[in-house]
Amino acid sequence: MARGDAGHEHELPPFSHQLNGWFMWYVRRFLRRHFHAVRLLTGPAGGPGQPDLDGEPVLVATNHPGWWDPLVFLLAGATLYPGRMSYGPIDAAALGKYKFLERIGFVGIEPGTWRGSARFLRMARAALERSDVIFWVTAQGEFTDPRARPVAIRPGVGHAVAAATRGVVVPFAVEYPFWSERCPEAVAAFGTAIRIADHPGRSAEEWTSVLAAELTATQDRLAAAAIARDPAAFRPLLAGRVGVGPAYDTIRQLGAWLRGRRFDPSHGGESGGHT
């Protein structure tokens with residue numbers, strides 16, 4: 001368990017594994033209800049897949065296309081790195097409405113203030129000293145369309161990485177396209193992991209520029225895969241809803257049965273014969 005930061009402002013807040021387990025059950029159920037699937041773009045043909053974090057502290061710099069982003073981050077962290085706790089900044093005003101989130105890794109930050117910037121840097125520094133944590137940062141700082149270019153990230157992210165002496169920083173892109181089902185897909189991709197110690201002396205401004213370029217490349221690669229609509233290019237992290245609705249799907253099922261076909265609730269889905 002992470003140590004508390006009450007009186008320890010340079011340490012991460014306490015983390016409740018029990019509460020996090022309950023919340024992840026809710027997250028998975030909620031995502032299944034609202035998405036056809038949550039998918040991770042794979043490598044090598046698709047570029048970097050799931051990075052090997054090799055026991056290093058990790059900061060993940062993400063884009064921020066929508067409300068769903070933190071839930072996708074939590075799912076990716078819990079599914080791909082189950083031995084790590086996911087932490088990340090959130091608007092302190094929003095956190096005040098849901099105090100339990102403080103116990104599962106959400107760190108309250110006052111955006112646009114010196115106090116908020118200072119606390120973000122303290123929390124990022126604490127996270128980059130721990131190999132049992134992933135620190136997820138929406139590097140754009142506000143909702144931004146995934147196709148908007150150039151990709152701009154907040155300078156605080158560059159300052160946080162420049163202040164670290166070890167760990168890795170990884171770009172992560174997400175977007176929510178509609179393919180052939182009623183519900184959208186949630187698709188995500190990791191970029192190339194950068195080992196901080198391999199770039200001593202790199203300034204905060206240089207890190208900001210590098211991370212913006214890497215996040216752009218990751219978003220571009222994900223966008224191309226989303227447009228191609230090829231599920232085989234992705235690893236499924238969660239399967240969600242298929243079909244149109246109970247009434248219409250019942251009619252489709254009956255029609256498939258009368259034609260001697262196996263019913264598949266996905267769009268256009270009939271296959272094989274009776275079983």
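The values are calculated or read from the model by the stated rules, or taken from the named source; none is laboratory data. These numbers were taken from a predicted model, which means no experiment stands behind them. So basically every Cβ, Gly included, is an ideal-geometry build from the backbone, and we count neighbours across all protein chains shown.
Quick look at the numbers
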quantity	calculated
Lone qualifier among TYR98, TYR87 - being over 23 Å from LEU222 (Cα atoms) and free of Cβ contacts under 8 Å to residues at least 12 places away in the same chain	TYR98
Condition met for VAL58 (surrounded by 11 or more Cβ atoms within 10 Å (Cβ to Cβ), under 22 Å from VAL107 (Cα atoms), within 18 Å of the chain's Cα centre (by Cα) and modelled with pLDDT of 95 or more)	yes
Qualifying residue in region 40-49 (condition: at pLDDT 95 or above and at negative phi)	yes
Pick from region 197-209, criterion part of a helix (DSSP H, G or I), touching a residue at least 40 places away in the same chain (Cβ under 8 Å) and not hydroxyl-bearing (Ser, Thr, Tyr), ranking: nearest to ARG229 (Cα to Cα)	TRP207
Residue match in region 136-154 (condition: closer than 22 Å to GLY21 by Cα, in contact with a Pro (Cβ under 8 Å, 6 or more places away or on another chain) and of a type outside the set (Asp, Glu))	yes
Residue within region 177-192 that is free of Cβ contacts under 8 Å to residues at least 40 places away in the same chain and not in a loop (DSSP other than H, G, I, E, B) present	no
Breaking point among (1) of a type outside the set (Phe, Trp, Tyr); (2) touching a Gly at 6+ places or on another chain (Cβ under 8 Å); (3) surrounded by fewer than 24 Cβ atoms within 10 Å (Cβ to Cβ), for ALA173	(3)
Any hit, region 12-31, residues being of a type in the set (Gly, Ala, Ser), surrounded by fewer than 19 Cβ atoms within 10 Å (Cβ to Cβ) and farther than 26 Å from PRO155 by Cα	yes
